[in-house]
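The values are calculated or read from the model by the stated rules, or taken from the named source; none is laboratory data. Remember, predicted model here, so these are calculated numbers, not experimental data. Note: ideal-geometry Cβ built from the backbone for every residue, glycine included; neighbour counts use all protein chains shown.
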Amino acid sequence: MAPEEQIDVGSRIRELRESRGFSLRVLAESSGLSINAISRIERGENSPTVSSLLMLAQALKVPIATFFTNEYQQTTNFVHRVGRLRYEEKSITMESLGAGLEDQQMQPFLMTIDHEVDSQTNSIIHPGEEFVYCLKGEAEYCVGRRRYQLKPGDSLLFKATQPHWCRKITTIPLEIIVIFASNQENDIARQRHLEMHSKGVDS
């Protein structure tokens, strides 16, 4: 996406809803959001949270990135450093480093964690493989029964079907590159990572 390009997320959601023949009531019942909330999002009167977008994406059966682009059949994708798709949940930010390829199996993100939370009780599993590269700060990653301390320059690759969790262990924000690779349900991986880090954070 070019840095100057602006995507109207609300209009995109309405377009997807109408293309499926869904009324506001049907989408509300499928997503768990209220009719009023969806209507305000579509009209641009309210900015949707990441959780709301995930619920709408699941109900519409599309990847969440579909809300931010009209092009999802590309063979090449260039992402400008100021034009990244952003997913924010409280003090966690995930920025897409590439999305839009047809039948895409690899999804790279820059993940920034700016809070202290014990995510040990929030271990997750999801399909495919996961790659982590530490850019800034330090992280403790637990995969299965083993723990790894990642400092800038360290990386970790593992089968994501193993229970895993991550936490920031320094006072400065943690910045890591995370790549999910799977031929199925990449959005499940992203959603579960957001949920893992969101639990235990005050609103």
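Show the residue pairs meeting these rules: Cβ distance below 9 Å; 6+ apart or different chains; first residue within segment 141-152 and touching a residue at least 24 places away in the same chain (Cβ under 8 Å); second residue assigned to a loop (DSSP other than H, G, I, E, B) and surrounded by fewer than 15 Cβ atoms within 10 Å (Cβ to Cβ).
Short answer, once both residue conditions are applied: 142/163.
Looking only at segment 90-114, filter to residues that are more than 23 Å from residue 167 (Cα to Cα) and buried (at least 22 other Cβ atoms within 10 Å of the Cβ); which one of those is modelled with the highest pLDDT?
If we take residues in segment 90-114 being more than 23 Å from residue 167 (Cα to Cα) and buried (at least 22 other Cβ atoms within 10 Å of the Cβ), then 99 is modelled with the highest pLDDT.
Taking only segment 123-147 into account, find how many residues are surrounded by fewer than 15 Cβ atoms within 10 Å (Cβ to Cβ) and within 14 Å of residue 169 (Cβ to Cβ).
Of the residues in segment 123-147, 2 are surrounded by fewer than 15 Cβ atoms within 10 Å (Cβ to Cβ) and within 14 Å of residue 169 (Cβ to Cβ).
Out of segment 164-195, which residues are among the charged types (D, E, K, R) and either modelled with pLDDT of 70 or more or surrounded by fewer than 23 Cβ atoms within 10 Å (Cβ to Cβ) (or both)? Quick ask: steps written out before the conclusion?
Start the filter on segment 164-195 by keeping residues that are among the charged types (D, E, K, R), which leaves 167-168, 175, 185, 187, 190, 192, 195.
Within segment 164-195, 167, 168, 175, 185, 187, 192, 195 qualify.
Could you please give the count of residues in segment 21-44 that are outside any helix (DSSP H, G or I) and under 22 Å from residue 85 (Cβ atoms)? Reasoning before the result, please.
The first filter runs over segment 21-44 and keeps only residues outside any helix (DSSP H, G or I), leaving 21-23, 32-34, 43-44.
Imposing the further condition that a residue be under 22 Å from residue 85 (Cβ atoms) reduces the set to 33, 43-44.
Total meeting the criteria: 3.
Which numbered condition trips up residue 157, out of (1) within 28 Å of residue 58 (Cα to Cα); (2) modelled with pLDDT under 95; (3) outside any helix (DSSP H, G or I)?
Just one mismatch for residue 157, condition (2).
Residues in segment 137-144: is at least one β-branched (Val, Ile, Thr), modelled with pLDDT of 90 or more and outside any helix (DSSP H, G or I)? Please lay out each step first, then the result.
To start, the set of residues in segment 137-144 that are β-branched (Val, Ile, Thr) comprises 143.
Subset that is modelled with pLDDT of 90 or more: 143.
Cutting the leftovers down to outside any helix (DSSP H, G or I) gives us 143.
Taking every residue of segment 137-144 in turn, at least one turns out to be β-branched (Val, Ile, Thr), modelled with pLDDT of 90 or more and outside any helix (DSSP H, G or I).
Please go through (1) modelled with pLDDT of 75 or more; (2) surrounded by 13 or more Cβ atoms within 10 Å (Cβ to Cβ); (3) out of contact with any helix residue (DSSP H, G or I) (no Cβ under 7 Å at 6 or more places or on another chain) for residue 74 and return the number of the only condition it doesn't satisfy.
Unmet condition: (1).
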